[in-house]
Amino acid sequence: MANKGKVKVNKGVNPQPQGKKIIELIGVKRQFDDGVVAVDNLNLYFNRGEFVTFLGPSGCGKTTTLRMIAGFDKPTEGKILLNGQDISNLPPNKRPVNTVFQRYALFPHLNVYDNIAFGLKLKKLKAVYENDKGERIERIEKLSKKEIAEKVAKVLKMVDLEGFEKRSVSTLSGGQQQRVAIARALVNEPEILLLDEPLGALDLKMRKDMQLELKEMHKKLGITFIYVTHDQEEALTMSDTIVVMNDGVIQQIGTPTDIYNEPKNAFVANFIGDSNIFSGTMVGDKKVKFIGKTFDCVDDFAKNEKVDVVVRPEDVTLLDEDQGQVNGTIVSSIFKGVHYEMVMMVGKSEVVIQSTTERKVGEKVSVSIKPSDIHIMAKEFSSNRYDGYITKKNTVCFGDGEFECDVTMLYENSFLDEEGYLITQEGEKIDLTDVDVNVEVGLKNIEITDNQEDGGAVGNIVSIIYKGDHYQLIVRTDENEEDFVLDTEDTWNENDRVGVIIKPQDIRLTLKQEVKR
Amino acid sequence: MANGDIKRISREPIKYEAPAKRTLLGFSRKQLCIPYGVFLACFVVLPLLLIVFYSFTDSTGHISINNFVKFFSSATTLTTVIISILLALATTVICLLLAYPVAYILARSNLNKGGTLLLLFIMPMWINFVLRAMAMKDLLTMIGVFEINPYLSVIIGMVYDYLPFMIMPLYTVLVKMDKSLIEASQDLGASPVRTFFKVTLPLSMPGIASGITMVFMPTMTCYVISDTFGNGLITIIGKLIDEQFTTFQNWNLGSAMALVLLVIMLISMWVTGGFKSEDTRGTNL
């Protein structure tokens, strides 16, 4: 040893506080220069050694979150804590995290060895020595050539690329480049390994192999892995914890089983696995009505609340006609290898069923669903949607009522002539009588009145929920039990009979299909 | 149906047939290369052969190496060659030092949205070369730089004229560079400065090589600038060749000089790696 008489006490980074939380995001928001908010109000933490996956469709903010943890992006609001210390403004080269990039980002001018050794050559270590007198001396050291060579050899062995040291990265296959990228990150022994859709460019077979290998590496190394993917199967296979994101907002955090079995909302249910999502209404204590039938369920929601009901196709039991809870007709059947995927029509609703026994198209069947397989989620109600049609007088019929509306919003720059025909921008004359339209009305745009004859529709108030600063009311019509959900500051009583008023400009109309001209 | 209306009888997809052989006006693809081949032979290969022939013969047409002996034994010519090389080297180095930061900023910053700023740097190239040189000369005279030293003003003139040729390939290579490589470098612990020297600079080598080729070679021969800015005091090799052909009517010596210049250029190209056209293709203008 060069320092005779001195004994090396400790060489390496200071041992980190072994708290459970390794990284914590507090109120993190990222807004780009063009005003787009990529991530909003992110609050979460991960424990040391976890395999965490950010899952969501492209543009949901998962990669931005990862980039903020890596340091390539800075949060516009909030902070990021690593081992309890704020690292929001630490540049990426000073963070003990390493990234495996989506398209590998291997340095083309360096060979495999130099790519992997890149970080090691830069690594600075604080070494403490003790001399004969017992005094301690601190020094900043770098790894020796031999140490670097040993580390590179070790990591190359781990990713199964022994003997590739001198190869140019451009001569490697996609899978091999991927392994070099992983090795290059892991060799620095980061506290957190960030992986940005690392398997996206590999073919299916290779991807499955790499998934298992990564999982294996994670177990062996005990490093925290933060993984970003849009592939739900990948997330379910590999993760300890999944963070489902959409539109820059966390939808749900949980274990793969939790997320699959207890999706918090319709988005999560739809994104993770196949599912039937129905619009339902709570009709009693742990009783929910959907597809025209009342089912027992295990979730407790307020009576008359509108809910989303999720049923996994594999949880639907297929039975002979009249043997189950609902009867229907099979309208399609596809062989999927292990099972058949069939669609049964119940009235106007489709129920997707997975079963190993095939039922022919047209066959009358029945299904039953166990209460524990019916997942009920609160519906985030943003607007009322109806199917409607235009009448001769250019009014619109929907929700068991008839309302005055502005049909010119169906065509840009159109107007009505004196006979009531619609004239388009191009001067074409269109007869809108009996044309089917989608109708959308905002919650705040519906007024109710005691004078029933003033309203376009008439119904009873069936539910009043206090929402902090206003009431959310549901007015239900008699004939088809159509619901008008509305926000109001006024006080009403349940079972009041009221008329529904909507201003023409607040009725948003869109065509269901092109009108024949 | 009103008069003049037509009624559709049938409508179906158009069926295409594979052509027997792709031709243009009856010529096959190979035949279309002939004009270019002829042009190449007449205006590139033949003149080159003529230069080689002239340089190895004397005025009577007999084979001799006298021209080369004359060239390499004359102190004036050798000085001219050395001055030309030094001037070209100085111009190239200054151009590179000026162009790299400019290209780097243009490629990275938001200032150059839509390439407007780049256009401003490149636009002088489109203005008549002689006009540009004259204007610069007048400007130098006005601010009093012109009288200081003829070499200084020649170098200023050359740098001014050839800077865009250095910016362009550097800009192209920098703008095409994968940003994730820079991020990867920082991710692995390299500071921005170290990232520049370990990643950005090595990866922009093709652009640097191409820029050097495009500045060094023309500046060796472009005597319009040395004449304009050197006040007649500086002769570069291009001027020497011109004099042999026009003033002295000695085509043989002129050809020999041109041949020597060609060899120097080939060497300089080999040094900067310009032969590896695979790497630099697309970065050249």
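How big is the accessible area of residue A:416 in square angstrom, nearest 10, if you roll a 1.4 angstrom probe over the protein chains?
Using a 1.4 Å probe on the heavy atoms, I get roughly 80 Å².
Quick one: order B:126, A:492, B:251 from most to least accessible surface, probe 1.4 Å.
B:126, B:251, A:492
Let me see the pair-distance distribution of the range A:152-228: every alpha carbon pair, 10 Å bin width, integer percents in order.
P(r) for the range A:152-228, in whole percents per bin: 17, 55, 27, 1.
Which GluC sites (Glu not before Pro) in the range A:351-422 sit in a loop by DSSP (not H, G, I, E or B) and have at most 10 other Cβ atoms within 10 Å of their own Cβ? It would help to have the intermediate numbers written out before the result.
Details: sites: A:358, A:363, A:380, A:402, A:404, A:412, A:418, A:419; in loops: A:358, A:363, A:380, A:412, A:418, A:419.
Answer by residue number: A:380, A:412, A:418, A:419.
In Å, what Kirkwood hydrodynamic radius results for the protein assembly as shown from the alpha-carbon pair distances?
Values: mean 1/r = 0.0285 Å⁻¹.
When all Cα pairs of the protein assembly as shown are included, the Kirkwood radius is 35.1 Å.
What chymotrypsin sites (Phe, Trp or Tyr not before Pro) does the range B:176-238 have in DSSP loop regions with at most 15 other beta carbons within 10 Å?
Listed in order of number, the matching sites amount to none.
Taking H as built 1.01 Å from N, whose amide H comes closer than 5 Å to the amide H of residue A:22, not counting residues under 5 places away?
A:46, A:47, A:48
How many Cβ atoms of partner chains, on average, are near each residue of A:178-190 if near means within 10 Å of its Cβ?
Working: counts 0, 0, 0, 1, 0, 0, 3, 3, 0, 1, 3, 0, 2.
For peptide A:178-190, the averaged partner shielding equals 1.
Mind checking which of A:486, A:23, A:252 is farthest towards the positive end of chain A's charge dipole, using Cβ charges of +1 (Lys, Arg) and -1 (Asp, Glu) about the Cα centre?
A:23
Which Cα, out of A:313, B:252, A:396, lies furthest along the positive dipole direction of the protein assembly as shown (beta carbon charges, K/R +1, D/E -1)?
The Cα lying farthest towards the positive end belongs to B:252.
Give me the one-decimal Kirkwood hydrodynamic radius in Å for the range B:51-145, with the sum taken over alpha-carbon pairs.
Working: mean 1/r = 0.0555 Å⁻¹.
By the Kirkwood definition, the hydrodynamic radius is 18.0 Å.
Give the residue from B:88, B:14, B:200 lying farthest towards the positive end of the charge dipole for chain B; charges sit on Cβ (+1 for Lys and Arg, -1 for Asp and Glu) and the dipole is referred to the Cα centre.
Sorting the options by dipole projection puts first B:14.
Just to confirm my numbers, what's the Cα centroid distance between the range A:457-513 and the range A:166-214 in Å?
What the calculation gives is 55 Å, centre to centre.
Test of the criteria: in the range A:143-185, which trypsin sites (Lys or Arg not before Pro) are in a DSSP loop and have at most 14 other Cβ atoms within 10 angstrom of their Cβ? The partial results should precede the final answer.
Details: sites: A:145, A:146, A:151, A:154, A:157, A:166, A:167, A:179, A:184; in loops: A:166, A:167.
Counting only loop positions with at most 14 other Cβ atoms within 10 Å, the trypsin sites (Lys or Arg not before Pro) in the range A:143-185 are A:166.
Can you compute the charge dipole magnitude of the protein assembly as shown about its Cα centre, using +1 on each Lys and Arg Cβ and -1 on each Asp and Glu Cβ, nothing else charged? Give it in debye, rounded to the nearest 20. Numbers along the way, then the final one.
Values: 87 positive and 99 negative charges, 1205 e Å.
Charge dipole of the protein assembly as shown: 5780 debye, to the nearest 20.
Determine how large the accessible area of residue A:130 is when every protein chain is in place; take a 1.4 Å probe and give Å² rounded to the nearest 10.
Solvent-accessible area, nearest 10 Å²: 60 Å².
Taking θ = phi - 60°, what integer Hz values does the Karplus form 6.51 cos²θ - 1.76 cosθ + 1.60 yield along the range A:125-136, in sequence order, with x for Gly and Pro?
Residue by residue, the range A:125-136 yields 10, 9, 9, 10, 10, 10, 8, 4, 7, x, 7, 9 Hz.
Can you list the residues, at least 5 places off or on another chain, whose amide H is less than 5 Å from the amide H of residue A:76, using H built in the peptide plane?
Residues meeting the criterion, in which the H sits 1.01 Å from N, are A:29, A:30, A:31.
Could you give the nm distance between label points at residue A:487 and residue B:265, where each point is 7 Å from its Cα heading toward the beta carbon?
Placing both labels 7 Å beyond Cα along the Cβ direction yields 7.5 nm.
Please state the charge dipole magnitude for chain B, taken about the Cα centre, from unit charges on C-beta atoms (+1 on K and R, -1 on D and E), reported in debye and rounded to the nearest 20. Don't skip to the end; give the middle numbers.
Details: 20 positive and 15 negative charges, 246 e Å.
So the magnitude is around 1180 debye.
Taking amide hydrogens as modeled 1.01 Å from N in the peptide plane, which residues meet the under 5 Å criterion relative to residue A:54, leaving out close sequence neighbours?
Amide H neighbours of residue A:54: A:227, A:228, A:229, A:243.
Please state the charge dipole magnitude for the range A:418-462, taken about the Cα centre, from unit charges on C-beta atoms (+1 on K and R, -1 on D and E), reported in debye and rounded to the nearest 20.
On the way: 2 positive and 12 negative charges, 53 e Å.
That gives the range A:418-462 a dipole magnitude of about 260 debye.
Which ³J(HN,Hα) values in Hz, rounded to whole numbers, follow from the phi angles of the range A:164-169 under the Karplus curve 6.51 cos²θ - 1.76 cosθ + 1.60, where θ = phi - 60° and Gly and Pro get x?
Each residue of the range A:164-169 in turn: 9, 3, 8, 6, 6, 5 Hz.
Looking only at Cα atoms, what is the convex hull volume of the range A:274-378 per residue, in Å³?
Numbers: hull volume 8.9 nm³, N = 105.
Per residue, the Cα convex hull of the range A:274-378 comes to 85 Å³.
Rounded to the nearest 500, what is the protein assembly as shown's calculated 222 nm mean residue ellipticity when only DSSP H runs of at least 4 contribute -39500 (n - 2.57) each, over all residues?
On the way: 23 runs with 270 residues, N = 802.
My calculation for the protein assembly as shown gives -10500 deg cm²/dmol from helical runs alone.
Over the Cα atoms of chain B, what Rg and Dmax result, in angstrom?
So, for chain B, Rg and Dmax equal 26.6, 98 Å respectively.
What ranking, highest mean first, results for peptides A:252-264, B:127-139 when packing means the other Cβ atoms within 10 Å averaged over each residue? Please report the intermediate quantities before stating the final value.
Values: A:252-264: 18.1, B:127-139: 13.5.
Sorting A:252-264, B:127-139 by mean packing, highest first, produces A:252-264, B:127-139.
Using 0.36 nm per residue, how much length does the chain from residue A:170 to residue A:472 gain when fully extended, once their Cα-Cα distance is taken away? Before the final figure, lay out each step's value.
Values: separation 302, 0.36 × 302 = 108.72 nm, distance 6.20 nm.
Result for the pair: 102.5 nm of gain on full extension.
Over the protein assembly as shown, average the accessible area per residue using a 1.4 Å probe and give it in Å², no decimals.
Numbers: 43380 Å² over 802 residues.
So the protein assembly as shown comes to 54 Å² accessible per residue, rounded to a whole number.
Which of the helices in chain B meet the span-like rule: DSSP H, Cα axial reach of 24 Å or more, Kyte-Doolittle mean at least 0.5? Intermediate values should be presented prior to the final figure.
Details: long enough: B:75-108 (49 Å, 1.91); B:150-176 (39 Å, 1.29); B:205-221 (25 Å, 1.09); B:251-272 (31 Å, 1.90).
For chain B, where a helix must reach 24 Å along its axis and average at least 0.5, the hits are B:75-108, B:150-176, B:205-221, B:251-272.
Please list, short to long, the whole-number percent of alpha-carbon pairs of the range A:383-511 in consecutive 5 angstrom bins beginning at zero.
That works out to 2, 11, 20, 21, 16, 11, 8, 5, 3, 1, 0, in percent per bin.
Using Cα centres only, tell me the gap between the range A:73-89 and the range A:303-356 in whole Å.
Cα centroid to Cα centroid, the span is 47 Å.
Compute and list, largest first, the equivalent-ellipsoid semi-axes of the range B:1-106 from the alpha carbon gyration tensor, each √(5λ) rounded to a whole angstrom.
Details: eigenvalues 788, 194, 24 Å².
Its equivalent ellipsoid spans semi-axes of 63, 31, 11 Å.
If you average the alpha carbon positions of the range B:69-117 and of the range B:192-221, how far apart do those two centres end up, in angstrom?
Taking the Cα centre of the range B:192-221 as reference, the centre of the range B:69-117 is 11 Å away.
Output ³J(HN,Hα) for the range A:27-35: one whole-Hz value per residue in order, computed from phi by the Karplus curve 6.51 cos²θ - 1.76 cosθ + 1.60 with θ = phi - 60°, and x for Gly and Pro.
In residue order, the calculated couplings are x, 6, 10, 10, 10, 7, 4, 7, x Hz.
The values are calculated or read from the model by the stated rules, or taken from the named source; none is laboratory data. For clarity, every value in this text was computed on a predicted model and none was experimentally measured. Neighbour counts are summed over all protein chains in view; Cβ atoms, including those assigned to glycine, are modelled from backbone coordinates with ideal geometry. The accessibility values were calculated without ligands, DNA or RNA, using every heavy atom of the protein model including side chains. Shrake-Rupley method; radii C 1.70, N 1.55, O 1.52, S 1.80 Å.
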